Amino acid sequence: MSAASTTHGARTSPFSGVNAVFIGYELRRRFNRQTTIFTLLLPAVLYLALFRTAPDQATLPHGNFAAWMMTGIAVYGAATAAVSSAATISVEKASGWMRTMALTPLAPPGYLFVKVLCSVLMAAVPVSIVGVLGAFTGVEATATVWVTSLLVAWLGAAVFAALGITLGLALKPETVMHMPGLTMTALAFLGNLFIPLSGTMLEISRYSPMFGVSTLARYSLTEGYSFSGEHSSLAMAVVNTVAWFAAFSFMAVRRFRKSTGRN
């Protein structure tokens with residue numbers, strides 16, 4: 001019996017081979033000095049620069065503008081950390097590590113699951129940093145807003161972990177390392193994270209990848225209303241989030257199969 005057939009036979013489920021040791025190894029690889037500094041500093045600097053930039057007569061049902069900005073920056077920080085972390089798969093692809101992993105009991109769905117899981121766990125770091133800054137800079141919000149906004153900002157990083165895997169598998173390592181920051185900053189502006197949008201720009205924003213997660217994260221604070229009085233429904237935010245996660249996941253799986261020669 002060949003090694004390939006033996007390995008295939010050992011995979012009794014799509015998540016065969018997933019264990020705490022492999023997850024721990026993946027996490028240690030992600031927390032390098034350069035990535036950690038970028039993940040910690042950029043969201044913190046952005047929050048401190050923007051939390052006082054409230055529009056005139058900015059009122060919210062369950063908090064203040066600082067809470068609105070804290071939530072948006074938490075979404076941005078989590079998404080950027082997840083994309084940057086997941087995109088490191090490009091190095092594994094270039095080095096042949098992915099084909100080596102294909103010879104182990106670790107099934108492809110399990111391999112991708114670990115990538116997403118570790119990227120989401122890493123996303124907890126900027127969310128925590130921004131939350132602490134918010135507590136010391138005058139964020140006013142109910143306990144429900146604090147918990148739901150930061151929790152959704154963190155878990156929403158899964159959407160962008162799938163995007164990171166797609167970018168990592170589609171681009172060369174020297175190219176993909178520069179993509180997450182630029183890509184996520186552009187999506188954040190379009191997704192209503194940094195500057196309150198209204199009118200035509202808000203309508204365009206509703207179809208962008210970050211809009212769904214940011215609306216869900218802020219819903220307990222704003223009840224879906226923008227500062228200009230326009231409303232975004234909870235159902236629409238859920239559909240946006242699920243649709244983009246499905247789209248990014250589909251692209252990631254397609255690129256993974258192409259990269260490993262699997263059908």
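Observations on the model:
- 24 Å tail of the calculated P(r), segment 102-191, as % of Cα pairs: 35
- For segment 165-171, backbone phi angles converted through the Karplus equation (6.51, -1.76, 1.60; θ = phi - 60°) give residue-by-residue couplings of 4, 4, 5, x, 7, 8, 10 Hz, Gly and Pro being listed as x.
- Of the listed residues T183, T142, the order by accessible area with a 1.4 Å probe, largest first, is T142, T183.
- Percentage of interatomic Cα-Cα distances in segment 212-263 larger than 19 Å: 45
- Per residue, the convex hull spanned by the Cα atoms of the chain amounts to 127 cubic angstrom.
- For the chain, adding -39500 (n - 2.57) for each run of n ≥ 4 DSSP H residues and dividing by the number of residues yields -23500 deg cm²/dmol at 222 nm.
- Each residue of segment 77-85 is assigned a 3J(HN,Hα), and the resulting list reads x, 5, 5, 5, 5, 5, 5, 4, 5 Hz, derived from the Karplus form 6.51 cos²θ - 1.76 cosθ + 1.60 (θ = phi - 60°), x at Gly and Pro.
- Accessible area of L151 in the full protein assembly, 1.4 Å probe (Å², nearest 10): 80
- The 1.4 Å probe gives accessible areas that order E92, E223, largest first, as E223, E92.
- Computed from the Cα positions only, the extents of segment 30-170 along the three principal axes stand at 59, 27, 22 Å, in decreasing order.
The values are calculated or read from the model by the stated rules, or taken from the named source; none is laboratory data. Worth saying up front: this structure is predicted, and the values here are computed from it rather than measured. Remember, those area values only see protein heavy atoms, side chains included, never the ligands or the DNA or RNA. Shrake-Rupley method; radii C 1.70, N 1.55, O 1.52, S 1.80 Å.
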